[in-house]
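The values are calculated or read from the model by the stated rules, or taken from the named source; none is laboratory data. Everything quoted here is computed from the prediction, not taken from an experiment. Virtual Cβ from ideal backbone geometry, glycine too; neighbours counted across all protein chains shown. Accessible surface areas use protein heavy atoms only, side chains included; no ligands, DNA or RNA. Shrake-Rupley method; radii C 1.70, N 1.55, O 1.52, S 1.80 Å.
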Amino acid sequence: MTTSHPAPIRLGVNIDHIATVRNARGGTHPDPVKGALLAQASGADGITAHLREDRRHIRDADLERLRADLSIPLNMEMAATEEMTTIATRLRPHACCLVPERRQEVTTEGGLDVRGQASELAPRIARLRDAGIRVSLFIDPDTAQIETAAELGAAVVELHTGAYADAMDAAARAVELGRLTVGAEHAARCGLEVHAGHGLTYDNVGPIAALPQVMELNIGHFLIGQAIFDGLPAVIRHMKNVIAAARK
């Protein structure tokens, strides 16, 4: 008798915080595109970059260069606005992940309210799909949100793992892992590809990587921060080993 194993899991590397360091002093160093190319050479399966409305880290020119220079998929995170939709349909990255965005937040604080914003999201998603872009929605692992994502024609949901990562103790983390497990199963039943991300580290990524429905993890802040000490190639290789071991 043969034992089936989950499909290999992809690692998307978010390079936003390379740009954060660059922008702290202005100028061009460190170059997030150089970081993306190094991540690509080190085994990253994709690159994620969030072009925020306030341009606090990634800039338009960064995205132009990423689109031109990368040979692995580029995932553009963006708010569902007219400006961002126009930029995305011009650049045509492999994928766009629609995320909530508030000017005063330090980082994305929760999932997109797909159900409450369905009428506004529908035309944006349609335009992106018509441009040949794979549409992902960054959402909490909530049944209603997942079902609405499928109804709107998204190809992917990225489950927000922030509550899991920030849980104060083992019991709270187990509750959040349970929610993510149910959410991943339900999304797969709805015909959606399942990704996950936010707050993942070497120490907490294993249970998420072990969920058989999860096909991709997008990780940024931890990888870039740890790279200060260990170097980006070593960090990417180690994270890929951790998630591959959990997958088995």
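Tabulated data
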item	result
Average accessible area per residue (Å²) across the range 1-75 - probe 1.4 Å, nucleic acids and ligands excluded	50 Å²
Test item: Cα-centred dipole of the range 10-246, Lys/Arg +1 and Asp/Glu -1 on Cβ, debye	660 debye
Whole-percent carbon and sulfur share, accessible surface of the chain, 1.4 Å	54 percent
Dipole of the chain [Lys/Arg +1, Asp/Glu -1 at C-beta], most positive-end residue of HIS94, LEU112, GLN213	HIS94
Alpha-carbon centroid distance for the pair the range 8-59 / the range 116-177, whole angstrom	22 Å
Heavy-atom surface of the range 153-213, accessible at 1.4 Å and reported per residue (Å²)	40 Å²
